[in-house]
Each structure stands twice: as structure tokens, then as C-alpha cells.
Amino acid sequence: MKIQSIALPVTAANTLGAGEVWLVGAGPGDVELLTIKALRAIRQAEVVVFDRLVSAEVMALVAVDALRIDVGKRQGCHSLPQPEINALLADLAEAGQRVVRLKGGDPFVFGRGGEEMDYLQQRGIPCQVVPGITAAIGCAAAVGLPLTHRDCAQSLRFITGHARDGEPQLDWPSLATAGQTLVFYMGLSHAGRLCQQLLTHGLAAATPLAIIERGTQPDQRLLTATLATLPVLLARYQPQSPSLLVVGDVVRFCRHPALRVAGDTMMRTVAA
């Protein structure tokens, strides 16, 4: 793993201190997409509190004598509720530990980093944030899908497909507007209903979409369809989390081999 050979200069500004928490973005999965600052923090940590989207390759960079605490959330199963994670981070820091809260993607993009930072700051606990490549950016790049394009997408919207109590209540009329790209995080379980709402509020049935499954990782898979043919795709290929749903004309520019849906007929263009 080439990343392990990088020389990391150490200064007071980039050293993880005792009794301190760093909220670190681990990126979308590919270990080589870590920032140097994230790598430095991971190596310095005495305790790493990590979620399920952090890849095994990234976790392999954690010091062998560091304590690892898995607080990963899976659909319908939270190993530790968010308020308890907040308290855990505070307790570890107050005990004098050097703590890294390691999150897939970026801590401030649907990663609850803002909630954790606020909790720690209210208790006077030093907290720093190390941004990561968020899933939309990393996964789209991995399959050669531009998220913006001067010809068809002048804006880009990141949307959570999951709220505190399940399916989110969204501003569908503004989302169902041409000339933009929509990226739904954590929306796979509601994908059919999300796309139906876009159709109901006026987005064209022929609007292309993509599901990027396990993006940036060796077993990543790209599925493409339209709003109208998404149910066929879901039934045939049954994508699993973690997956991103990308909706918009930019999907037409994707040249990465995909499993595609044309009309109501499935066409396997290349092995996934």
C-alpha cells in the first residue's frame, strides 16, 4: 500500500493532542483517496471511533495498539445511538485520549459531524475537522460520471434520502427541475418512491439516472436506467447499500461500462 510510505512532517498545528477529538473524513472507500492530514491523524490516534462505511484498507492504517470502537449504523440497526456516540467521544477525550472519529466520506456531508462538533464544543473539548472526499464526488469520478456539465447541469444538489423518522419530506417541485444534477445519499431503500415523486412533480420519464454501488472500491458496480425504468433495474439487479442515486442528464456522458436498462428490456452490456 503506497500510502504507508508517505513522509509526514509534524508540527504543533497538525499533531493530535491528548484530550482532543478530530472528526476525520475517510473518503468513499479507496484508501488512496485519503488526505495526508487524515492519514496523519489516523496514525496518531490512541482511540478510533469508526463507522461502517470506513473501508478495511483505511482501518489497516490505524496503529496496532490503538483502541478501535465500531459504532457503525446499518439500516434498522444502530450499534450505538447518536447521543451515546456523542457522549462516548466526550468521555474518551476527558480521559486524556487522542481520539479520531473516523467517518466515511466527509464529516460535514450527511455524516453528523456537525452534531458531534457542537456537542464537544459545548463541553469545552478541543475538536478539529479533517475534510474527506465526499461520496458523491469520489464515486462519480470512479465511474467517469461528471456531476456538472455546461450543456445540461449548471447546479448540483446533495440530498439525503433518509431522515430521522424515515423517508424525508423534500421540496419536490424544486427538485423536479431540469438543468441540475441530484445526488441522493442513503436513498436506496426509498429509491422507487423518490423517483416516483420526481415524475409526479414534472421531471421527464426519460431522465437518466445511475446507481453507483460500493463506489471507488474494487467490486464497485454501476447501474443506469431512466426514471421510468428504475423499477425494472431494482428488481433485476437488486443493488445493495452503500449506493448513491444520481439523477440528471449528466448520466448520459458516463462512459464507464454499466448494466443498463433500455425501455422495459434489460440489456447486459458488460459483466458487473
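Here are a few things to note about the model shown:
- All conditions in (1) loosely packed, with under 15 Cβ neighbours inside 10 Å; (2) at pLDDT 95 or above hold for T11, with the sole exception of (2).
- Within the range 122-136, not a single residue is more than 12 Å from the chain's Cα centre (by Cα), more than 30 Å from L89 (Cβ to Cβ) and touching a residue at least 40 places away in the same chain (Cβ under 8 Å).
- Of the set (1) under 20 Å from G215 (Cβ atoms); (2) in contact (Cβ under 8 Å) with a residue 60 or more places away in the chain, all apply to A93 but (1).
- Residues that are within 22 Å of D151 (Cα to Cα), touching a residue at least 40 places away in the same chain (Cβ under 8 Å) and open to solvent by 10 Å² or more (accessible area, probe 1.4 Å) within the range 169-202 comprise A178, Q180, listed in sequence order.
- Scanning the range 243-272 for residues that are modelled with pLDDT under 95 and part of a loop (DSSP other than H, G, I, E, B) yields a count of 11.
- Test: residue in the range 124-144 that is open to solvent by less than 20 Å² (accessible area, probe 1.4 Å), in contact with a His (Cβ under 7 Å, 6 or more places away or on another chain) and over 23 Å from Q44 (Cβ atoms): yes
- Among the residues making up the range 215-234, a single one is among the hydroxyl-bearing types (S, T, Y) and either free of Cβ contacts under 8 Å to residues at least 24 places away in the same chain or at positive phi (or both): T216.
- The range 26-69, subset in a loop (DSSP other than H, G, I, E, B) and polar (S, T, N, Q), residue surrounded by the most Cβ atoms within 10 Å (Cβ to Cβ): S55
- Test result for L194, aliphatic (A, V, I, L, M) and under 28 Å from G29 (Cα atoms): yes
- Flag for D118 being exposed (fewer than 14 other Cβ atoms within 10 Å of the Cβ) and not polar (S, T, N, Q): yes
- Among the residues of the range 70-108, those that are part of a strand (DSSP E or B) and buried (at least 19 other Cβ atoms within 10 Å of the Cβ) comprise R98, V99, V100, R101, L102, K103, G105.
The values are calculated or read from the model by the stated rules, or taken from the named source; none is laboratory data. The structure presented is a predicted model; accordingly, all values stated were derived computationally and were not measured. Positions of Cβ are backbone-derived with ideal geometry, glycine not excepted, and every protein chain shown enters the neighbour counts. Just the protein is used for accessible areas: all its heavy atoms, side chains included, with ligands, DNA and RNA removed. Shrake-Rupley method; radii C 1.70, N 1.55, O 1.52, S 1.80 Å.
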